[in-house]
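The values are calculated or read from the model by the stated rules, or taken from the named source; none is laboratory data. Bear in mind the structure is a predicted one, so any value in this text is a computation, not a measurement. All Cβ positions, even for glycine, are placed from backbone atoms using ideal geometry, and neighbour counts span all protein chains on display. Side chains included, ligands, DNA and RNA excluded: accessible areas come from the protein's heavy atoms. Shrake-Rupley method; radii C 1.70, N 1.55, O 1.52, S 1.80 Å.
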Amino acid sequence: MTQHTDTILIVDFGSQVTQLIARRVREAGVYSEIVPFQSAEEGFRRLKPKAVILSGSPASTIDVDSPRAPDAIFEAGIPVLGICYGQQTMCAQLGGKIEGGLHREFGRAFIEVQKPSPLFEGIWAEGTRHQVWMSHGDRVTALPKGFEIVGASPGAPFAAIADEGRRFYGVQFHPEVVHTPDGAKLISNFVHKIAGLAGDWTMAAFKDQAIEEIRRKVGSGRVICGLSGGVDSSVAAVLIHEAIGDQLTCIFVDHGLLRMNEAEEVVSMFRDHYNIPLVHVQAQDLFIDALEGELDPEVKRKTIGRLFIETFEAEAKKLGGADFLAQGTLYPDVIESVSFTGGPSVTIKSHHNVGGLPERMNMQLVEPLRELFKDEVRVLGKELGLPEHFVGRQPFPGPGLAIRCPGGITRAKLEILRQADAIYLDEIRKAGLYDTIWQAFAVLLPVQTVGVMGDGRTYEFVCALRAVTSVDGMTADFYPFDMAFLGNTATRIINEVRGINRVVYDVTSKPPGTIEWE
């Protein structure tokens, strides 16, 4: 990754919301990078950060061999903020005391500010009470030398602590989540008022830096970029084209699993609007023949990933070879594809080719979006001049309709699903809700039910509709459509799509770490 002048290092101890810390720092205009605690010392020396944030964790500091922060962080003379477990390990390592099971706190709590602190400046005044989000079983019971209490809650008498001389701060609550209403401002105070960073990391600056980095890496080499039809790969392609021009050739694999008219839109935009060299591979039969009848969602994902790579390889040979393969890998893909604490995240991201290529391809990866979150990619897309309606498209993962069609896939089922999905999104747009909803899609369930339409009996599929709201894609809640909308949408689907006789709405929320429909 590119070296940034001002960087905040985030040491990840395994919290499901560590990414949100990085998001809040970047929202404050400062570049942040997450490293797992196992390689935190190497990351600290490589990045030379101006400040460090220690994340939460499912671990307990009172357990033998529980994760610890490198001592070098506390010896470097830079500001440190410990969050939840991060506060506890900081105290344990600096001479304080932690005890477990005294008073668990999970969910909404209220902290009372005991003393003024730069952490609270302009946000919380002394003596005031504020809502925060707690998630802990252990708690600090004795402070290291130099620390004092600046905030307390009924379950955490050391809910906020500070050593102003060394600029060490700790909070037992989670300021990174939206359930702590002033949490983003608190992190901004740490970034600006305590660490003294200017907050001048902009997308325009990132674009210029990324273009120079691409030119330096690629030189006179040839690059092929695999377009999926989504925002990420499209933004990556336009950025690379701005850097190296016709050294780039895009390969758009039309695998037959896209939404209605998506293939035509992608081809038109790249060939007509940007005049980027584009190979349109008609691979519908290849992919669908390989997937037809397959029930296991993980096999579907891996089959699609394998066929993508094989298709790229074949097309590269036709082009006379290439030195680099470009991908629209994002920072959450990188994080979630590396199991920092032995969790299941590698399986969640198994459809991505994050982190490597088959050796036989003999190409290097170019991943210019590897440092960015999804919303940052959208901002970069606008900076590059991509159409607003395209940049604002909802996420649509690589496996496409394959994972929106649980059970065996057939061409007929995919066409039924494609039509239902198009009607659903059309109704959402007509209602002016498209930009309010993070992600909406139809699912064709592997269930057929008996129904009566007119004077005849039918035996057709059930279609499920899903729509969620989210700030960051890490957590999500179902969108509360009114019944008139759902009734109208269901009527259209049943009337216009032959093969569906029942529509249901999914009201499942998405807690951190869960995956989508399979």
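Quick notes on this structure:
- If you go through segment 436-462 and pick out every residue that is outside any strand (DSSP E or B) and either touching an Asp or Glu at 6+ places or on another chain (Cβ under 7 Å) or closer than 20 Å to TYR505 by Cα (or both), you end up with 3.
- Any hit, segment 305-323, residues being modelled with pLDDT under 90, aliphatic (A, V, I, L, M) and crowded, with 19+ Cβ neighbours inside 10 Å: yes
- Any chance GLY229 is buried (at least 20 other Cβ atoms within 10 Å of the Cβ) and either aromatic (Phe, Trp, Tyr) or farther than 30 Å from ARG129 by Cβ (or both): yes
- All positions within segment 193-210 that are open to solvent by less than 60 Å² (accessible area, probe 1.4 Å), in contact (Cβ under 8 Å) with a residue 60 or more places away in the chain and out of contact with any Pro (no Cβ under 9 Å at 6 or more places or on another chain): LEU197, GLY199, TRP201, MET203, ALA204, PHE206, LYS207
- Single match in ILE161, ILE149 (criterion: open to solvent by less than 30 Å² (accessible area, probe 1.4 Å), in contact (Cβ under 8 Å) with a residue 12 or more places away in the chain and over 26 Å from GLU367 (Cβ atoms)): ILE161
- Selection status of LYS97, under 23 Å from ARG167 (Cβ atoms), modelled with pLDDT of 95 or more and basic (Lys, Arg): no
- Members of segment 374-408 found to be crowded, with 21+ Cβ neighbours inside 10 Å, within 22 Å of ARG26 (Cα to Cα) and of a type in the set (A, V, I, L, M, F, W, C), listed by number: VAL377, LEU380
- Residue match in segment 60-67 (condition: open to solvent by 30 Å² or more (accessible area, probe 1.4 Å), in a strand (DSSP E or B) and hydrophobic (A, V, I, L, M, F, W, C)): no
- The residues of segment 35-65 that are hydroxyl-bearing (Ser, Thr, Tyr) and farther than 22 Å from ASP163 by Cβ, listed by number, are SER39, SER60.
- Test: residue in segment 277-300 that is closer than 19 Å to VAL238 by Cβ, open to solvent by 30 Å² or more (accessible area, probe 1.4 Å), touching a residue at least 40 places away in the same chain (Cβ under 8 Å) and in contact with a Ser or Thr (Cβ under 8 Å, 6 or more places away or on another chain): yes
- Considering segment 92-101, and only residues there that are without any contact (Cβ under 8 Å) to a residue 60 or more places away in the chain and in contact with a strand residue (DSSP E or B) (Cβ under 9 Å, 6 or more places away or on another chain), the residue that is most open to solvent (accessible area, probe 1.4 Å) turns out to be LYS97.
- Residue that is part of a strand (DSSP E or B), aliphatic (A, V, I, L, M) and more than 22 Å from ILE8 (Cα to Cα), where the choices are ALA109, ALA125, ALA92: ALA109
- Counting only helices (runs of 4 or more DSSP H) that fall entirely inside segment 222-328 and contain at least 3 residues that are more than 29 Å from HIS389 (Cα to Cα) and hydrophobic (A, V, I, L, M, F, W, C), the qualifying elements are 284-291, 297-318.
- Flag for ALA464 being of a type in the set (A, V, I, L, M), crowded, with 19+ Cβ neighbours inside 10 Å, closer than 25 Å to ASN261 by Cβ and under 30 Å from the mean Cα position of the chain (by Cα): yes
- Matching residues in segment 68-91 - criterion: being open to solvent by 20 Å² or more (accessible area, probe 1.4 Å) and touching a Pro at 6+ places or on another chain (Cβ under 9 Å): ALA76, ILE78
- Given (1) within 31 Å of the chain's Cα centre (by Cα); (2) more than 23 Å from PRO332 (Cα to Cα), number of the condition GLY100 does not satisfy: (1)
- Filtered residues of segment 26-59 (kept if touching a residue at least 60 places away in the same chain (Cβ under 8 Å), part of a helix (DSSP H, G or I) and charged (D, E, K, R)): ARG26, GLU27
- Filtered residues of segment 119-138 (kept if closer than 15 Å to LYS185 by Cα, free of Cβ contacts under 8 Å to residues at least 60 places away in the same chain and open to solvent by 50 Å² or more (accessible area, probe 1.4 Å)): ALA125, GLN131, TRP133
- Members of segment 446-461 found to be at pLDDT below 80 and open to solvent by less than 80 Å² (accessible area, probe 1.4 Å), listed by number: MET453, GLY454, GLY456
- When PHE110, PHE168 are checked against the criterion of being on the phi < 0 side of the Ramachandran plot, in contact with a strand residue (DSSP E or B) (Cβ under 7 Å, 6 or more places away or on another chain) and open to solvent by less than 40 Å² (accessible area, probe 1.4 Å), a single residue qualifies: PHE168.
- For segment 1-55, filtered to residues that are open to solvent by less than 30 Å² (accessible area, probe 1.4 Å) and among the acidic types (Asp, Glu), the residue that is nearest to GLY86 (Cα to Cα) is ASP12.
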